[in-house]
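Structure record follows, encoded as structure tokens.
The values are calculated or read from the model by the stated rules, or taken from the named source; none is laboratory data. Computed from a predicted model, the values in this text were never measured in an experiment. Methodologically, a virtual Cβ is constructed for each residue, glycine included, from the backbone with ideal geometry; neighbour enumeration extends over all protein chains shown. Heads up: the accessible areas ignore ligands, DNA and RNA and are worked out on the full protein's heavy atoms, side chains in. Shrake-Rupley method; radii C 1.70, N 1.55, O 1.52, S 1.80 Å.
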Amino acid sequence: MSLAVSYSAYGGPDVLEIIDVPEPHAGPGQVRVAVRAAGLNAFDYKLRRSPAVMPSHTLPSRQGSEFAGVIDELGDGVTGLAVGDEVLGWAPLTAQAEFVVVNATHVAAKPAGLDWASAGGLYSVGNTALRSTDAVAPTAADTVLVSAAAGGVGILAAQFALRTGATVIGTASEQNHEFLRGLGVIPVAYGPGLVDRLRAAAPQGITAVIDNAGEETVLAALELGVAPARINSVVYFEGADKYGISVVGSGKKTSAELWELARLVASGELVLPIAATYPLAQVREAYERLESRHLRGKVVLLVG
Ligand SMILES: NC(=O)c1ccc[n+]([C@@H]2O[C@H](COP(=O)([O-])OP(=O)(O)OC[C@H]3O[C@@H](n4cnc5c(N)ncnc54)[C@H](OP(=O)(O)O)[C@@H]3O)[C@@H](O)[C@H]2O)c1
């Protein structure tokens, strides 16, 4: 048997349990990974709180979508990978466990310099930030607003926008302003008065928006005259019908894309802070921290 995070009722972090599950084994074309770290994402608790998030979802449910660890079993036909390889990968709704079994194409080599927590917490936010940044295609001529810019998705999206040469404004609470300035982002507090603060921060005007927070950002952007086609939200899906904004979120995942993201973080070219790590046994505390919604970067479970 082996340990895995599970829940049998919808609700808060208190419904989470660590349960014994039969040890999985790699089938043809698959690898088994002894997990060292597994990231937490907002999607996990949104689904746990409400099945409407994924109508096909059933209970009991496992949890977690991203991991890093060591390959300890190879299925028939797997080439280019070996037992003992350090990898990171994705595994929808099963990653928070001692072992995951995934298709061999769903892992990438972990760069030697990348710590386990960063590797295990990278891909969901990385893939989402890439897709949402691409959706508004920033250039050096743009002033881009990134909301929730100190969250996992926002930190990466802000840096992807900066890499195009764009000027980037990021919303965050005061405690994250110095951090954002260090990245090259102009920080602005969210909340009442946002439109006036954005006008003051960007007298030249905002031309594109990567929203990770919701309606407040989108309404502020519209009031400031940003074209709906250049506003993307990964949260405020109603905005597509209501205002014609785009709502591109996480998309097709590939090993090559994951490898490149890992390389960028390992080399320091991309910054993704780890706000907190918890042992697997403290999964409830880990989600309480995540669900507090005020953190910088990722919360990650350390396993084994
Ligand atoms: N559609 C998709 O495919 C997709 C994929 C991934 C994520 N998402 C969604 O994207 C959102 C962001 O995800 P995340 O992983 O980056 O983490 P998150 O945990 O939701 O973001 C944390 C950040 O949110 C900021 N924040 C809290 N309340 C805010 C408010 N009222 N206005 C603006 N910012 C606020 C916090 O800033 P301070 O600490 O500075 O207060 C914190 O840094 C989540 O809602 C998630 O569900 C969607």
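For this structure, a couple of remarks:
- Sole exception among (1) basic (Lys, Arg); (2) under 24 Å from residue 284 (Cα atoms); (3) more than 16 Å from the ligand (Cβ to nearest atom) for residue 48, by number: (3)
Rundown of residues vs (1) within 19 Å of residue 301 (Cβ to Cβ); (2) open to solvent by less than 10 Å² (accessible area, probe 1.4 Å), yes/no style:
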{"position": "33", "(1), (2)": "yes, yes"}
{"position": "43", "(1), (2)": "yes, no"}
{"position": "48", "(1), (2)": "yes, yes"}
{"position": "60", "(1), (2)": "yes, no"}
{"position": "72", "(1), (2)": "yes, no"}
{"position": "76", "(1), (2)": "no, no"}
{"position": "80", "(1), (2)": "no, no"}
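- Candidates 165, 151 - the one that is closer than 27 Å to residue 278 by Cβ and either among the aliphatic types (A, V, I, L, M) or open to solvent by 10 Å² or more (accessible area, probe 1.4 Å) (or both): 151
- Some residue of the stretch 207-222 being surrounded by fewer than 17 Cβ atoms within 10 Å (Cβ to Cβ), over 22 Å from the mean Cα position of the chain (by Cα) and not aliphatic (A, V, I, L, M): no
- Residue, nearest to the ligand (Cβ to nearest atom), within the stretch 287-304, restricted to residues that are open to solvent by 40 Å² or more (accessible area, probe 1.4 Å) and part of a helix (DSSP H, G or I): 289
- Scanning the stretch 88-147 for residues that are in the same structural domain as residue 223 (by TED's automatic domain parsing) and part of a strand (DSSP E or B) yields a total of 4.
- All positions within the stretch 224-253 that are open to solvent by 50 Å² or more (accessible area, probe 1.4 Å), touching a residue at least 60 places away in the same chain (Cβ under 8 Å) and within 16 Å of the ligand (Cβ to nearest atom): 248, 250, 253
- Every listed requirement among (1) among the charged types (D, E, K, R); (2) surrounded by fewer than 21 Cβ atoms within 10 Å (Cβ to Cβ); (3) more than 23 Å from residue 261 (Cβ to Cβ) is met by residue 115 save one, (3).
- Flag if residue 200 is surrounded by fewer than 17 Cβ atoms within 10 Å (Cβ to Cβ), within 13 Å of the ligand (Cβ to nearest atom) and hydrophobic (A, V, I, L, M, F, W, C): no
- Unique residue being open to solvent by less than 30 Å² (accessible area, probe 1.4 Å), away from the ligand (no atom under 16 Å from the Cβ), touching a helix residue (DSSP H, G or I) at 6+ places or on another chain (Cβ under 9 Å) and of a type in the set (Gly, Ala, Ser) when the list is 68, 109, 137: 68
- Of the listed requirements (1) within 16 Å of the ligand (Cβ to nearest atom); (2) open to solvent by 20 Å² or more (accessible area, probe 1.4 Å), residue 101 misses just one: (1).
- Residue pairs whose Cβ atoms lie under 7 Å apart, separated by 6 or more positions or on different chains, with the first residue in the stretch 7-31 and more than 30 Å from residue 83 (Cα to Cα) and assigned by TED's automatic domain parsing to the domain that holds residue 290 and the second open to solvent by 50 Å² or more (accessible area, probe 1.4 Å) and in a strand (DSSP E or B), are 7/17.
- Pairs linking a residue in the stretch 125-143 that is within 12 Å of residue 162 (Cα to Cα) and modelled with pLDDT of 95 or more to a residue that is among the hydroxyl-bearing types (Ser, Thr, Tyr) and away from the ligand (no atom under 16 Å from the Cβ), with Cβ atoms under 6 Å and 6 or more positions apart or on different chains, are 138/164; 139/164; 142/207; 143/167; 143/207.
- Among residues of the stretch 166-182, those that are touching a residue at least 24 places away in the same chain (Cβ under 8 Å) and within 13 Å of the ligand (Cβ to nearest atom), counted: 9
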